[in-house]
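Here is the structure we will look at.
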């Protein structure tokens, strides 16, 4: 597979997903232009604007994200190419961003990070050939310097419509009954659990996953994504 990839890159050089410059799937100029979301020192809720007395989500405890989707068009283009044009090589850039956020989290000091990939339905997985969440999880785990575990605790039992085409309310209805827990969560009590996906827009997918995990007994669960859509 590696030989085939090298031959393809020789005859069809990679182009930057954002500016189309030849040479890399995300060129250095576009990488340097990224605006990375800063995390406050020793913070526990990723967005300091969120009032702890009025939680943003009902089930999800918070969302950790590397960048604001709207402020980083080059990252938006790269994620779209990753998901819809199946350019797996882009995952290396995303893993770097996500790992940087994990390394900043005070709540991971002396704790094990548990990565739970958001699953695809088997029909969508067959069509795409890979689950972007699985690629992220495996990449992050291979580079993270602290204790870390991968736990595929969820399966997707309902082949839902694509979320990007739906309103917030339709997204929530679309996802009801879409996920089931297939593993034991009781042994994760003293670990920090993250639902891993590529982006968070309304948070409906992460919320539904968090709901079923908490119903199964998980006390806290955080979202971990490359980028998040925020109101300007």
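The values are calculated or read from the model by the stated rules, or taken from the named source; none is laboratory data. Computed from a prediction, not measured in an experiment: that's the story for all the values here. Cβ placement follows ideal geometry from the backbone for every residue including glycine, while neighbour counts extend to all protein chains displayed.
Mind telling me which of the residues 100, 88, 124, 109 ends up being without any contact (Cβ under 8 Å) to a residue 60 or more places away in the chain and over 23 Å from residue 156 (Cα atoms)? Testing whether each residue is without any contact (Cβ under 8 Å) to a residue 60 or more places away in the chain and over 23 Å from residue 156 (Cα atoms) leaves just 109. Among the residues of segment 96-109, the one identified as at pLDDT 90 or above and outside any helix (DSSP H, G or I) is 105.
Each row is one residue, and each column tells you yes or no for (1) surrounded by 21 or more Cβ atoms within 10 Å (Cβ to Cβ); (2) farther than 20 Å from residue 134 by Cα.
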site: 179; (1), (2): yes, no
site: 189; (1), (2): no, yes
site: 195; (1), (2): yes, no
site: 201; (1), (2): no, no
site: 208; (1), (2): yes, no
site: 214; (1), (2): no, yes
site: 217; (1), (2): no, yes
site: 221; (1), (2): yes, no
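Of the residues making up segment 208-229, just one is within 16 Å of residue 176 (Cβ to Cβ) and touching a helix residue (DSSP H, G or I) at 6+ places or on another chain (Cβ under 8 Å), namely 208.
Restricting attention to segment 37-95, the residues that are in contact with a helix residue (DSSP H, G or I) (Cβ under 6 Å, 6 or more places away or on another chain), at pLDDT 90 or above, over 27 Å from residue 220 (Cβ atoms) and assigned to a loop (DSSP other than H, G, I, E, B) total 0. Applying the criterion of being part of a helix (DSSP H, G or I) and over 18 Å from the mean Cα position of the chain (by Cα) to the residues of segment 171-211, the residue that is nearest to residue 113 (Cα to Cα) is 188.
Give the residue that is nearest to residue 92 (Cα to Cα), with candidates limited to residues of segment 125-155 that are in contact with a strand residue (DSSP E or B) (Cβ under 6 Å, 6 or more places away or on another chain) and assigned to a helix (DSSP H, G or I). Applying the filter and picking the extreme gives 136.
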